[in-house]
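One structure below.
The values are calculated or read from the model by the stated rules, or taken from the named source; none is laboratory data. On a predicted model such as this, the values are computed, not experimentally measured, just so you know. Here the Cβ positions follow ideal geometry from the backbone for every residue, glycine too, while neighbour counts run over all protein chains shown. Heavy atoms of the whole protein, side chains included, go into the accessibility calculation; ligands, DNA and RNA do not. Shrake-Rupley method; radii C 1.70, N 1.55, O 1.52, S 1.80 Å.
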Amino acid sequence: MRDDAPAPKDIGLDSAALQAIARRIKRPIVLIGLMGTGKSTVGRKLASMLGKDFVDADHAIEDAAQLTVAEIFEQYGEEYFRDGERRVIARLMEEHNGVIATGGGAFVNDETRALILDKAIAVWIDCDIDILVERTSRKNTRPLLRNGDPHEILTRLHKEREPFYSQAPIRVGSEDGPHHETAMAIIEAIDRWL
């Protein structure tokens with residue numbers, strides 16, 4: 001992880017402070033970053049802490065397509081998936097003012113990135129590659145990791161996607177600690193950004 005990514009820390013905000021921050025948030029919070037950074041898990045925790053709804057864009061895509069992300073990649077290819085992903089994220093941002101977790105490649109798409117930067121609060125959750133390798137090895141549902149060495153693939157993806165991810169106004173590091181800490185670090189960062 002780069003040195004400028006703030007690591008999560010224990011932040012002591014009481015419920016009144018959390019509610020005050022939540023009231024100031026007038027647009028969806030969209031979590032971006034590589035697979036395994038904890039976008040879905042942290043996103044659920046973040047939404048709960050702020051009293052907002054949570055939606056996982058990949059699950060919404062699977063519901064709409066009646067196929068898993070892996071099946072969409074296999075049957076139709078990545079370009080087809082990214083087009084559907086862009087449309088689903090746009091719809092979710094219209095329907096939800098809560099927290100949206102996106103797939104790792106969503107923010108690389110020019111149209112998707114422009115939409116998120118214009119209409120949402122983009123939060124890049126960054127993470128050390130070794131932690132990502134360990135986390136993503138827990139299940140075999142990642143189409144981009146199926147054909148090669150996961151460490152090599154994740155390192156390459158991080159390098160390729162960093163110029164896009166770095167356009168997010170908020171960046172928080174995810175460590176091997178409680179998801180609560182990462183969610184609190186995001187809340188503190190959003191509070192400073194607002």
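Odds and ends about this structure:
- Rounded, prolate or oblate (a/c below 1.5 giving rounded, otherwise prolate when a/b exceeds b/c) for the range 1-139 by Cα gyration tensor: oblate
- In the structure shown, the pairs Lys26/Lys159; Lys52/Lys119; Lys39/Lys119; Lys26/Lys52; Lys39/Lys159 are assessed against 22 Å; a Cα-Cα span above that value is assigned to Lys26/Lys159.
- Only aspartates and glutamates eight or more places from Lys45 in sequence, or on another chain, were considered; those with a Cα closer than 18 Å are Asp10, Asp14, Asp53, Asp56, Asp58, Asp126, Glu175, Asp176, Glu181, Glu188, Asp191.
- Positive minus negative residues near Trp193 (Lys, Arg vs Asp, Glu; Cβ under 13 Å): +3
- Per residue, the accessible area of the chain comes to 49 Å² when a 1.4 Å probe rolls over the protein heavy atoms.
- Packing here is the average count of other Cβ atoms within 10 Å per residue, and on that basis the peptides 55-63, 151-159, highest first, run 55-63, 151-159.
- Nearest-20 debye value, the chain charge dipole, Cβ charges on Lys, Arg, Asp, Glu: 540 debye
- Dipole of the chain computed with +1 at Lys/Arg Cβ and -1 at Asp/Glu Cβ about the Cα centre; of Leu145, Met35, Ile186, farthest Cα towards the positive end is Ile186.
- Formal net charge of residues neighbouring Ala60 (Cβ-Cβ distance under 15 Å; K, R +1; D, E -1): -3
- Sorting the segments 160-168, 82-90 by their residues' average number of neighbouring beta-carbon atoms within 10 angstrom, most packed first, yields 82-90, 160-168.
- Accessible surface of the range 42-194, 1.4 Å probe, proportion on carbon and sulfur as whole %: 46 percent
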